[in-house]
Amino acid sequence: MHTMLISLMYTVSFLFTLIISIKLYYSNRSTTNKNPPPSPPTFPVIGNLHQLSPLIHRSFLSLSNRYGPHLMLLHLGSVPSLVVSSSEAAQEIMQTYDHEFASKPNIKIFKTIFYDSKEVAVAPYGEEWRQAKKNLVLHYASAKAVQMFSTIRDQEIALTINEIKDLISCNKVVNLSEVISEHTNGVSCRATFGRKYNSGEAGRKFKQVSQNLLEVVTHFYFADSIPQLAWIDKISGANAKADRVAEFMDEFLEGAIEERIAKTDLDVCEGVEPFIDALLRIHKEGVKGRSFNRSAIKANLMDAYLGGTDTVSALSEWVMTELLAHPSSLKKVQEEVRTVVKGKEYITEEDIEQMNYLKAVITETARLHPPVPVPPSRVATQDSKVMGFDIAKGTRIYVNIWAIGRDPKVWDKPDEFMPDRFVESSVNLVKHDFKIIPFGGGRRGCPGRVFGMAVVENLLANLLCKFDWALPDGVKEDSVNMEEAFGLTSHKKIQLLATAKPFTM
Ligand code: HEM
């Protein structure tokens, strides 16, 4: 009887919400602006949600090919959402009208998880975002800070190389996805927290926090797309789970801070100030005219760690995948790296500067497999006009970085891996003309490019110099799996395995 009553209540409230949603949907449509961008037809309530697959960049591209190759308006639930799919349109949004699209929408899960959206990547445009970004850039991601962290990169490289040698000595196939992920995790953990979390109870907790975080952040919440149905998040337990994960994560970060303050048993690296120490120093000294509290420290720590771990490992993993699938490029890049290094044990940054083909290989991989194919949306803070279309205030903006890199109007044979196209090109990851934007652009562009590229280049130069790589027996170059996994960053769906032989001059 009790269950029947509850299900009756749910049914009634569902129908009630549905009627309100349909009314709202039609009333919203009648007030929309004069010349909106082209849109596919929508369903009441869900809008275009039914047309999206988990690999959202692919769904966006196939829809924009039919409806709007530059700009297309979708309705994700009741939220108007602009999809940007060409370099011209990206330039308008991220450069010409950057200030109108530099804010971030109010997303419930980000408020819950990231300390009321204090994290740089999700914070609304304003003073808090500016200060948090300043901390991150100054003490973690500037050229000077990246230089300071070179000791950590080198120590971690030595460990990674030894680990591969150990696998070889036991005749084991190398799981490159795992090796790369462990390396990037080691570098970012030490640069962020001043220590690694790879073993024991702390390691277990860290792994669990990371997994839980990924689960809740990639979950679909009705509150963010169909606010009228937000009650489903409550009864499904999704809200409670997000709250639990936020608490668990907070506990972890508190532990990291307390441990650092006590400075017991920690890995201290001469001349290196991990980000956590810089933040605690700023906290102690105080910041004139603003509060820099514990939540701001924790959000900043997450910026550094989350921003630069998975992205860096995804890019490195895709580079090795493409090289193994293209042996002539692999041979060419190894020859270049080895010629520059000339048998030295230690590869310097000056050496890497001379590795033009390696840089072309990384750029070509970032074009085909940008680690963040569609970054978290921005939001229009006012009504504006872009490429002749009216964009209403409140519209969420999704830039399809993946589609821009594969635009056949810009790139010859866009789906093919051809690093040579970047050898003599005036287009690169810094001077990109919005033709290739794996780091986004404008005010909300990635502040971690220099940090990220330093880890990627150093790791790849060492892997390619010190080992000869081949696919495991029975795997042919043309059958290397290129499928992407669903997630915040675009990793390979199937881990990359390879055989390695040590190389000595
Ligand atoms: C290969 C490495 C990386 C790639 C491909 C990458 C990619 C991106 C992309 C596409 C965006 C969104 C930009 C936009 O919306 O225009 C972004 C933002 C961001 N990235 Fe990175 N990233 C990388 C490394 C890093 C590192 C190492 C850090 C840590 C310092 C970092 C921290 C951030 C932050 C904090 C934002 C948000 C910026 C804002 O909203 O103001 N990223 N990244």
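The values are calculated or read from the model by the stated rules, or taken from the named source; none is laboratory data. These numbers were taken from a predicted model, which means no experiment stands behind them. Cβ sites come from the backbone with ideal geometry, for glycine too, and all protein chains shown count toward neighbours. The area values use the complete protein model at the heavy-atom level, side chains included, leaving out ligands, DNA and RNA. Shrake-Rupley method; radii C 1.70, N 1.55, O 1.52, S 1.80 Å.
Summary of computed values
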quantity: Test: residue in segment 118-132 that is modelled with pLDDT of 95 or more, in the same structural domain as residue 375 (by TED's automatic domain parsing) and closer than 20 Å to residue 346 by Cβ; calculated: no
quantity: Candidates 177, 181 - the one that is in contact with a strand residue (DSSP E or B) (Cβ under 8 Å, 6 or more places away or on another chain) and either farther than 30 Å from residue 76 by Cα or hydrophobic (A, V, I, L, M, F, W, C) (or both); calculated: 177
quantity: Members of segment 454-483 found to be under 25 Å from the mean Cα position of the chain (by Cα), more than 16 Å from the ligand (Cβ to nearest atom) and of a type in the set (S, T, N, Q), listed by number; calculated: 462, 481
quantity: Any hit, segment 135-143, residues being touching a helix residue (DSSP H, G or I) at 6+ places or on another chain (Cβ under 9 Å) and more than 12 Å from the ligand (Cβ to nearest atom); calculated: yes
quantity: Failed item, numbered, when residue 84 is tested on (1) over 20 Å from the mean Cα position of the chain (by Cα); (2) farther than 30 Å from residue 244 by Cα; calculated: (1)
quantity: Output for segment 476-492, where each listed residue is surrounded by 13 or more Cβ atoms within 10 Å (Cβ to Cβ) and closer than 28 Å to residue 109 by Cβ; calculated: 484, 485, 487, 488, 489, 490, 491, 492
quantity: Any hit, segment 152-163, residues being open to solvent by less than 30 Å² (accessible area, probe 1.4 Å) and under 30 Å from residue 286 (Cβ atoms); calculated: yes
quantity: Residue check for residue 246: open to solvent by less than 80 Å² (accessible area, probe 1.4 Å), touching a Ser or Thr at 6+ places or on another chain (Cβ under 9 Å) and not in a loop (DSSP other than H, G, I, E, B); calculated: yes
quantity: Wholly enclosed helices (runs of 4 or more DSSP H) of segment 256-332 bearing at least 2 residues closer than 25 Å to residue 467 by Cβ; calculated: 310-325
quantity: Residue 154 vs. criteria away from the ligand (no atom under 11 Å from the Cβ), part of a helix (DSSP H, G or I) and either under 27 Å from residue 243 (Cβ atoms) or touching a residue at least 24 places away in the same chain (Cβ under 8 Å) (or both); calculated: yes
quantity: Breaking point among (1) of a type in the set (Phe, Trp, Tyr); (2) open to solvent by 20 Å² or more (accessible area, probe 1.4 Å); (3) part of a helix (DSSP H, G or I), for residue 140; calculated: (2)
quantity: Where residue 75 falls short, out of the listed (1) assigned to a helix (DSSP H, G or I); (2) surrounded by 20 or more Cβ atoms within 10 Å (Cβ to Cβ); (3) over 19 Å from the mean Cα position of the chain (by Cα); calculated: (1)
quantity: Residue count for segment 93-128, restricted to those that are more than 12 Å from the ligand (Cβ to nearest atom), surrounded by fewer than 19 Cβ atoms within 10 Å (Cβ to Cβ) and in a loop (DSSP other than H, G, I, E, B); calculated: 3
quantity: Unmet criterion (only one of (1) at pLDDT below 95; (2) open to solvent by 40 Å² or more (accessible area, probe 1.4 Å)) for residue 497; calculated: (1)
quantity: Residue 195 vs. criteria of a type in the set (D, E, K, R) and surrounded by 16 or more Cβ atoms within 10 Å (Cβ to Cβ); calculated: yes
quantity: Hey, residue 290 in contact (Cβ under 8 Å) with a residue 12 or more places away in the chain, open to solvent by 30 Å² or more (accessible area, probe 1.4 Å) and more than 16 Å from the ligand (Cβ to nearest atom) or not; calculated: yes
quantity: Per-region count, segment 303-341, residues out of contact with any strand residue (DSSP E or B) (no Cβ under 9 Å at 6 or more places or on another chain), surrounded by fewer than 22 Cβ atoms within 10 Å (Cβ to Cβ) and modelled with pLDDT of 95 or more; calculated: 12
quantity: Any hit, segment 84-92, residues being of a type in the set (A, V, I, L, M, F, W, C), buried (at least 19 other Cβ atoms within 10 Å of the Cβ) and either at pLDDT below 95 or part of a helix (DSSP H, G or I) (or both); calculated: yes
quantity: Matching residues in segment 206-240 - criterion: being of a type outside the set (Gly, Ala, Ser), buried (at least 16 other Cβ atoms within 10 Å of the Cβ) and over 22 Å from residue 50 (Cα atoms); calculated: 206, 209, 212, 213, 214, 239
quantity: Condition check for residue 181: open to solvent by 10 Å² or more (accessible area, probe 1.4 Å) and either farther than 20 Å from residue 274 by Cβ or out of contact with any Lys or Arg (no Cβ under 7 Å at 6 or more places or on another chain) (or both); calculated: yes
